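Each value in this text was obtained by applying a stated rule to the coordinates, not by laboratory testing. All figures in this text were calculated on a predicted structure; none of them were measured in a lab. No Cβ is skipped: glycine too gets one built from the backbone with ideal geometry, and neighbour counts run over all protein chains shown.
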Ligand code: ATP
């Protein structure tokens with residue numbers, strides 16, 4: 001099966017300054033992948049290389065089997081793109097803007113009402129100039145534009161910036177629906193907490209280089225980050241039998257005990273602690289977050305100003 005996106009040793013130099021260096025990865029049908037990295041790490045440059053908006057200095061990019069710069073341009077109708085800052089002609093109405101992009105992509109405009117519905121824009125907004133839209137409405141129009149023609153690949157550059165929490169949730173519901181239907185989604189964002197339960201794979205870039213690529217669980221394992229366990233034993237609990245390996249329980253306020261547990265010991269320790277449910281009055285298990293994993297991989301890597 002051809003990958004939806006395939007990058008092999010892709011680099012882009014601006015004059016002699018590398019924006020991305022030697023990046024390789026493939027994305028398959030129906031994958032939702034988060035692209036994360038500091039400001040200036042190279043995320044937008046990567047997305048532009050995939051779109052064919054810039055020609056890489058080295059390496060090869062394939063989108064649905066084609067070179068996005070010089071290959072068969074008909075694949076463009078299968079690609080939806082939401083740029084980092086959406087900006088539309090303010091005098092045009094929402095419907096005129098969609099119609100403009102539908103013509104550019106050579107896809108029918110017939111489903112526009114459905115698209116307005118999907119992104120949560122009222123049909124009454126369709127005939128209003130975009131200058132009367134709020135920031136969230138413009139972002140939703142941007143998403144509608146990206147979804148024109150039911151793309152097989154969606155490239156979303158910081159799509160939730162400017163959206164309130166409820167809109168963010170409905171945005172992800174919609175993206176997950178497209179993913180379920182087989183659309184591949186590459187989404188760049190700084191909002192790590194909202195990606196945690198949604199992206200099945202995370203690619204971390206730093207100073208133009210890929211420094212990690214895997215599911216959150218895989219990256220946690222590679223990083224060897226501990227799981228934090230906190231519990232309150234009942235009065236008669238035999239706490240001394242719960243220590244395994246290197247575990248050191250620290251007593252906190254209100255008799256809570258807590259410890260950072262090495263991931264290799266986690267299951268044995270949880271089994272020991274929960275073997276007698278009457279010995280516990282409460283328990284919390286906190287896995288390393290995407291923020292922790294991200295901080296780990298960036299440690300010691302420095303960052304570009
Ligand atoms: P952000 O999170 O701030 O959007 P990013 O990860 O998307 O950042 P890029 O926009 O890809 O980062 O930029 C990567 C590097 O390439 C930066 O150092 C940037 O200054 C540089 N760069 C990007 N576009 C150009 C350009 N047209 N000319 C020169 N340098 C550029």
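Comparing 21, 196, 240 in a Gaussian network model of the chain, where Cα atoms under 10 Å apart are tied by springs, the biggest mean-square fluctuation is seen for 240. The length gained by stretching the chain between residue 241 and residue 106 to full extension, at 0.36 nm per residue less their Cα-Cα distance, is 41.7 nm.
In terms of the mean number of neighbouring beta-carbon atoms within 10 Å, the peptides 3-13, 289-299 order highest first as 3-13, 289-299.
Residue exposure proxy: 128, 180, 140, 168, ordered by other Cβ atoms within 10 angstrom of their Cβ from fewest to most, comes out as 180, 128, 168, 140.
The stretch 63-133 and the stretch 197-228 have their alpha-carbon centroids 33 Å apart.
Against the chain, whose longest principal axis is taken from its Cα atoms, helix 94-105 shows a tilt of about 80°. Ordering 54, 211 from the fewest to the most neighbouring beta carbons within 10 Å gives 211, 54.
Between the beta carbons of residue 87 and residue 128, assuming R0 = 25 Å, the FRET efficiency works out to 0.90 to the nearest 0.05.
Looking at the chain, the DSSP beta bridges with both ends there are about 65 percent antiparallel. Here the Gaussian network model covers the chain, with springs between Cα atoms less than 10 Å apart; of 72, 39, 206, 72 fluctuates the most.
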